[in-house]
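This report refers to the structure that appears directly beneath it.
The values are calculated or read from the model by the stated rules, or taken from the named source; none is laboratory data. Just so it is clear, the structure is predicted and the values come from calculations on it, not from any experiment. Cβ placement follows ideal geometry from the backbone for every residue including glycine, while neighbour counts extend to all protein chains displayed.
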Amino acid sequence: MTAVLDTLVAVRRTAMDLLARREHGRVELTRKLRQRGAPDDMIDTALDRLTEEGLLSESRYLESFVSYRARSGYGPLRIREELSQRGLQRTDIELALRECGISWQAQLEDTWRRKFAGHLPIDARERAKQGRFLAYRGYSMEMIGRLFSGRAMDD
């Protein structure tokens, strides 16, 4: 049974239920409430209040999302694109990626070891295959090249 979102209390309760499951960005939460039939003016009012109370936080959402996707083996390029598609500001995304404390080269190496068992490519075809996979996951070609050549990021 779906709740009718025709009052501010109902919209707020639904928003809080969604936030209780996981962090959401404002754009994502607005879309979900709109899909459930909440009017835009009530959505804005409820989300403004949740933001004032500290229950809705873009920075917490960014931190949570970056951490989750990095643990899943995705790199900064892919994460940046996914967050942009979710309607977050580019400057906020860049700040979150810089301040997350993740060693992207270590993440790349871990993802590569899990997928390819730590076997460096022996020919151009295998190198292309591994490179495509890692690039799709969101790692730069520079990082991938360093991995394949055995150089650390500090070199």
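Please tell me if Gly73 is in contact (Cβ under 8 Å) with a residue 40 or more places away in the chain, out of contact with any Gly (no Cβ under 6 Å at 6 or more places or on another chain) and of a type outside the set (Ser, Thr, Tyr). Taking the combined requirement at face value, the residue satisfies it.
Could you list, in sequence order, the residues of the stretch 1-44 that are under 22 Å from the mean Cα position of the chain (by Cα) and in a loop (DSSP other than H, G, I, E, B)? Residues satisfying the conditions are Arg22, Glu23, His24, Gly25. Here is a check on your reading of the model: is Arg69 closer than 22 Å to Met141 by Cβ and in a helix (DSSP H, G or I)? The answer is yes for Arg69.
Assessment of the stretch 95-116 against the conditions (of a type in the set (Lys, Arg), assigned to a helix (DSSP H, G or I), crowded, with 17+ Cβ neighbours inside 10 Å and not assigned by the TED database to the domain that holds Arg26) yields no matching residue.
Output yes when any residue across the stretch 27-43 is touching a residue at least 60 places away in the same chain (Cβ under 8 Å) and either exposed (fewer than 14 other Cβ atoms within 10 Å of the Cβ) or on the phi < 0 side of the Ramachandran plot (or both), and no when none is. Taking every residue of the stretch 27-43 in turn, at least one turns out to be touching a residue at least 60 places away in the same chain (Cβ under 8 Å) and either exposed (fewer than 14 other Cβ atoms within 10 Å of the Cβ) or on the phi < 0 side of the Ramachandran plot (or both). Selection within the stretch 49-61: residues that are assigned to a helix (DSSP H, G or I) and more than 23 Å from the chain's Cα centre (by Cα). The member of this set that is nearest to Leu8 (Cα to Cα) is Arg49. Taking the stated definitions as given, is Leu120 outside the structural domain of Glu28 (by the TED database), under 23 Å from Glu58 (Cβ atoms), of a type outside the set (Gly, Ala, Ser) and surrounded by 13 or more Cβ atoms within 10 Å (Cβ to Cβ)? It is false that Leu120 is outside the structural domain of Glu28 (by the TED database), under 23 Å from Glu58 (Cβ atoms), of a type outside the set (Gly, Ala, Ser) and surrounded by 13 or more Cβ atoms within 10 Å (Cβ to Cβ).
Among residues of the stretch 87-109 that are touching a residue at least 12 places away in the same chain (Cβ under 8 Å), those with a beta-carbon under 7 Å from a residue that is surrounded by 12 or more Cβ atoms within 10 Å (Cβ to Cβ) and hydroxyl-bearing (Ser, Thr, Tyr) at least six positions away or on a different chain give the pairs Ile93/Ser84; Cys100/Ser67; Leu108/Tyr139.
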